[in-house]
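First the structure, in the form of structure tokens, and then the observations on it.
The values are calculated or read from the model by the stated rules, or taken from the named source; none is laboratory data. On a predicted model such as this, the values are computed, not experimentally measured, just so you know. We place every Cβ from the backbone using ideal geometry, glycine too, and count neighbours over all the protein chains shown. Remember, those area values only see protein heavy atoms, side chains included, never the ligands or the DNA or RNA. Shrake-Rupley method; radii C 1.70, N 1.55, O 1.52, S 1.80 Å.
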Amino acid sequence: MKKKNFSLILGVFFVAIVIFLFLLSFVYLPYSVDQMDTKNRFSPPSSSHLLGTDQFGRDIFSRILVSTRSALAVSTSSVLMGTVFGLLLGALAALSPHFIESILMRFVDAMMAFPGILSAMVLSAVLGKGVMNASIAIAFFMVPVFARLSYSMILESKKKEYIKAAKSYGASTPRLFIFHMLPEMFTRLITQLSSSIGAAILTESSLSFLGLGIQPPGASLGLMLSEAKGYILIQPYQALWPGVVLSIAVLGFSLLGDGINEIIKGEPDYE
Amino acid sequence: MILEAKNITKEYKVRGRKEPFVALNNVSFSLGEGEVLGIVGESGSGKTTLSEIAGGLRKPTRGSVLFQGKDISEMKKDEWREYRKSVQFIFQSPKESMNPYYTIRSILSEPLTINFPSMSKSEKEDRIKDMLVRVGMDPETTLSFRPSHFSGGQMQRIAIARALLLEPKVIVCDECTSALDVSLEAQIINLLSSLKKETGVSMVFISHDISLVRYISDRIMVMKDGVVVEEGETESVMSEPKHEYTKTLIETSFL
């Protein structure tokens, strides 16, 4: 009997919710993110404000919808940047002569040893605040993860007999990498990509929470949580909703990664 | 002489030890045109390393490899390409020597694409089909499948087709039958010797099994622990082995 892949089912479900909110923000946005309704501050959920309002009377539901935009934009762009540069760095290290390999990989180790959120904070403090810089800062600590992963995968596939065979009929190193190593790496990169998006969403929120990411009056889950913490006793909803959406997003992408990983592991060997 | 190895030594650094591990110690051989040289030895004797150095897949620590009298380490780019094309390998495990992600059609056309960039698609297809027929495979039921579709014996035929596609002057068979069962082993050996007769290709035939090597080789070289212990015409080595190790190999192979 086949075991059900709960991680995948749950992951797809959660990710679908986040993507639904993201798409909804373009077609249906009840209020603008900075539209204040000062008469209705801290209002509980009602028909006019689906999830209530915050300390300025801004609609929480609308702000959450817009937050998913920045969460997805920052996380996917940073993870993609991290993947591309990490892949190139890892490939360069694995396919270079030994001393270049050592230099590059010690560099990657050093990057990895640095706590991710700390380096992201330093970078966004240096680069300045904003969406673009937050993406770059997060990408910076995604690079070593992907570099290590692709490095180890290439070292593994370098030993394969079909790589030796391709060399023997004259395939160049770039050709080996593109046609014979990448296809095999693809599935595992996708797994890592999905889990990393979860981590990136969390980092983006942390940066915004600390005031280094998305700036007010813009909307970000982290920023909303940060603002809500001062009013947690007056208006607990205000912290609840962004917290729930953030959890769903992070959990969703991580579970999706696990789920895909399970599928790959379950694949029969080429026998 | 088409391929010569002169005083090849290969050392590997061992972590935490000053003395390197010597995989090959001052080994030489020469391969004449149309000749089959059998290299016999137990695993770890350095026969695979030697073949990979002779085939240009690894660099020796000391010593040189000569292809048609020219040192391969001093070759210019186009000379190297010619050499690369002229020495082809057939590896031990047919399944692992082909990328599982591609169909046989793309696996077989890759060597042609690399070495004859101007060759047209239909010409490649014709050459591949022709070659598959020569190794006893039906192109119609072969080309659009992936390696996992085939049995070990079929895969080794396809591997032989791939090696022959570039019309090499030397083929290196590294334990190319050891993953197959005995009846298939005989088929592949027969195929290789008939292809050898047709094309006049030289061969380096590597195996741990001396009784197999004698069928196909003109000369035999016996290796142990990175050195050549005995070398000579197949018949004389088989009938009057001089070295103790060769005697043991011959005795055990007929058990």
Would you tally the residues in the stretch A:211-241 being crowded, with 16+ Cβ neighbours inside 10 Å and closer than 26 Å to A:Gly82 by Cα? 9
Conditions: (1) more than 10 Å from chain B (Cβ to nearest Cβ); (2) at pLDDT below 90; (3) surrounded by fewer than 22 Cβ atoms within 10 Å (Cβ to Cβ). A:Phe141 meets all but one. Number of the miss? (3)
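Just to be sure before I move on: is A:Phe179 within 14 Å of another protein chain (Cβ to nearest Cβ) and closer than 21 Å to B:Ser109 by Cβ in the structure I sent? Explain how you work it out, then say what you get.
Values: within 14 Å of another protein chain (Cβ to nearest Cβ): yes; closer than 21 Å to B:Ser109 by Cβ: yes.
For A:Phe179, the condition - within 14 Å of another protein chain (Cβ to nearest Cβ) and closer than 21 Å to B:Ser109 by Cβ - is met.
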With the structure loaded, tell me whether A:Val108 is farther than 30 Å from B:Ser109 by Cβ, out of contact with any Asp or Glu (no Cβ under 6 Å at 6 or more places or on another chain) and open to solvent by 10 Å² or more (accessible area, probe 1.4 Å) or whether it fails that test. no
Within the stretch A:33-55, the residues that are under 23 Å from A:Val131 (Cβ atoms), touching a helix residue (DSSP H, G or I) at 6+ places or on another chain (Cβ under 7 Å) and open to solvent by 10 Å² or more (accessible area, probe 1.4 Å) are A:Val33
Could you list all residues from the stretch B:141-160 that are assigned to a helix (DSSP H, G or I) and closer than 18 Å to B:Leu195 by Cβ? B:Gly153, B:Gln154, B:Met155, B:Gln156, B:Arg157, B:Ile158, B:Ala159, B:Ile160
Taking helices (runs of 4 or more DSSP H) that do not extend beyond the stretch B:174-255, which have at least 3 residues that are open to solvent by less than 20 Å² (accessible area, probe 1.4 Å) and in contact (Cβ under 8 Å) with a residue 24 or more places away in the chain? B:182-199, B:210-216
Please work out which one of (1) within 11 Å of chain A (Cβ to nearest Cβ); (2) more than 18 Å from A:Gly170 (Cα to Cα); (3) surrounded by 15 or more Cβ atoms within 10 Å (Cβ to Cβ) is the condition B:Ser148 fails and give its number. (3)
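Each row is one residue, and each column tells you yes or no for (1) modelled with pLDDT of 90 or more; (2) on the phi < 0 side of the Ramachandran plot; (3) away from chain A (no Cβ under 14 Å).
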residue	(1), (2), (3)
B:Lys121	yes, yes, yes
B:Leu165	yes, yes, no
B:Val170	yes, yes, no
B:Ser194	no, yes, yes
Is there a residue being acidic (Asp, Glu), in a helix (DSSP H, G or I) and either touching a residue at least 60 places away in the same chain (Cβ under 8 Å) or buried (at least 17 other Cβ atoms within 10 Å of the Cβ) (or both) anywhere in the stretch B:2-22? no
Lone qualifier among A:Thr173, A:Thr187 - being at pLDDT below 85, more than 30 Å from A:His49 (Cα to Cα) and within 14 Å of another protein chain (Cβ to nearest Cβ): A:Thr187
Of (1) open to solvent by 10 Å² or more (accessible area, probe 1.4 Å); (2) away from chain B (no Cβ under 14 Å), A:Ser196 fails just (1)
